[in-house]
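A.B. asks: First the structure, which I've put down as structure tokens, then a few questions once you've had a look.
The values are calculated or read from the model by the stated rules, or taken from the named source; none is laboratory data. This structure is a prediction, so every number in the text was calculated from the model and none was measured. Neighbour counts run over all protein chains shown; Cβ positions are idealised from the backbone, glycine included.
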Amino acid sequence: PAAVHPAARPPVVPRAAWLDDLARHAQPPPRYDDKVVAVFVHHTDSPNGYACADAPRIIRYLYAGQIGARDWDDIGYNFLVDRCGTIYEGRAGGVDRPVTGAHTQGFNHRTAGIAALGTFTAGVPVPQAMVDAIAALTAWKLGLSDIDPRADVRLTSSNSRSRYAAGTTATLPALAGHKDGYMTSCPGAALAARLPEIRESAARLQGRASARAAGSLTGTP
């Protein structure tokens, strides 16, 4: 059935823009969940002073590190966003499908990972274009399952190396920071501080009422 609160799909640059022939490698078919009910926001812990035209090269470097030193089958994030607000497809499988990523240990199922290119520790400005792009992407992905970005959702941990023992059902924000599910400072204090704003912006893009008018937003998908 059609979502009650859909949001427009923002432009997404395909993998082909950053994954050149030299970087390609054999990988297993993508895995899928039934839907996406939460989004985890990350930062890539990489330099901030890049030209946006260099974003594909930076993503290719991140990909090489994850399939190389970490021996992953693909880049872990479903999406990456540069400081100019350009959204890139990350993990293979189709941007409009619920691809199982490798971004938040214990909580990769029924979630999407969005990585902000850069390092956003305390005091570091977060570009507004990046904030707006994350909001638009979140609104669209969660809107496909009719999830309010300001709500809480229940997710079951699959790995005891997360903040929750395997099998534990945790209540987490539908738009969460990496640190909400894993012991880390990611996405950095500066970006984490923008998450409430991003939740509200994403909810508006879904055509939802303000938080005050909506009342309680907690729900179970």
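A.B. asks: For the condition touching a Lys or Arg at 6+ places or on another chain (Cβ under 8 Å), over 21 Å from PRO125 (Cβ atoms), modelled with pLDDT of 95 or more and of a type in the set (D, E, K, R), what is the one hit in ARG150, ARG163?
C.D. replies: Of ARG150, ARG163, the one residue that is touching a Lys or Arg at 6+ places or on another chain (Cβ under 8 Å), over 21 Å from PRO125 (Cβ atoms), modelled with pLDDT of 95 or more and of a type in the set (D, E, K, R) is ARG150.
A.B. asks: In region 50-82, what residues are touching a strand residue (DSSP E or B) at 6+ places or on another chain (Cβ under 8 Å) and part of a loop (DSSP other than H, G, I, E, B)?
C.D. replies: The answer is GLY76, TYR77, ASN78, ASP82.
A.B. asks: For the structure I just gave you, tell me whether TYR182 is surrounded by 17 or more Cβ atoms within 10 Å (Cβ to Cβ), at pLDDT 95 or above, among the aromatic types (Phe, Trp, Tyr) and within 13 Å of the chain's Cα centre (by Cα).
C.D. replies: no
A.B. asks: In addition: Of the residues PRO10, PRO29, PRO14, PRO56, which single one is modelled with pLDDT of 95 or more and exposed (fewer than 13 other Cβ atoms within 10 Å of the Cβ)?
C.D. replies: PRO14
A.B. asks: So which residues in region 146-204 are under 17 Å from ILE134 (Cα atoms) and among the hydroxyl-bearing types (Ser, Thr, Tyr), if there are any at all?
C.D. replies: SER201
A.B. asks: Can you say whether ARG154 is in contact with a helix residue (DSSP H, G or I) (Cβ under 8 Å, 6 or more places away or on another chain), of a type in the set (D, E, K, R) and more than 18 Å from GLY76 (Cβ to Cβ), as far as the supplied structure shows?
C.D. replies: Spelling it out, it is not the case that ARG154 is in contact with a helix residue (DSSP H, G or I) (Cβ under 8 Å, 6 or more places away or on another chain), of a type in the set (D, E, K, R) and more than 18 Å from GLY76 (Cβ to Cβ).
A.B. asks: Right, here's the next one. Go through region 59-88 and count every residue that is at pLDDT below 95, crowded, with 20+ Cβ neighbours inside 10 Å and either among the hydroxyl-bearing types (Ser, Thr, Tyr) or over 20 Å from VAL13 (Cα atoms) (or both).
C.D. replies: 1
A.B. asks: Here is a follow-up. Which of (1) more than 18 Å from ALA16 (Cα to Cα); (2) assigned to a loop (DSSP other than H, G, I, E, B) is the odd one out, the single condition GLY113 does not satisfy?
C.D. replies: It is condition (2) that GLY113 fails.
A.B. asks: Now for a separate question. Please give the number of the condition ALA213 fails out of (1) modelled with pLDDT under 95; (2) in a loop (DSSP other than H, G, I, E, B).
C.D. replies: Against the list (1) modelled with pLDDT under 95; (2) in a loop (DSSP other than H, G, I, E, B), ALA213 comes up short only on (2).
A.B. asks: I'd like the full set of residues that are under 20 Å from ARG60 (Cα atoms) and crowded, with 22+ Cβ neighbours inside 10 Å, limited to region 107-133.
C.D. replies: ALA112, GLY113, ILE114, ALA115, ALA116, LEU117, GLY118, MET130
A.B. asks: Okay, moving on. Here are some residues: THR138, THR104. Which one is buried (at least 16 other Cβ atoms within 10 Å of the Cβ), of a type in the set (Ser, Thr, Tyr) and part of a loop (DSSP other than H, G, I, E, B)?
C.D. replies: Result of the check over THR138, THR104: THR104.
A.B. asks: Right, another one. Suppose we filter region 183-201 for residues that are outside any helix (DSSP H, G or I), over 11 Å from HIS42 (Cα atoms) and in contact (Cβ under 8 Å) with a residue 24 or more places away in the chain; how many remain?
C.D. replies: Looking only at that region, the number is 1.
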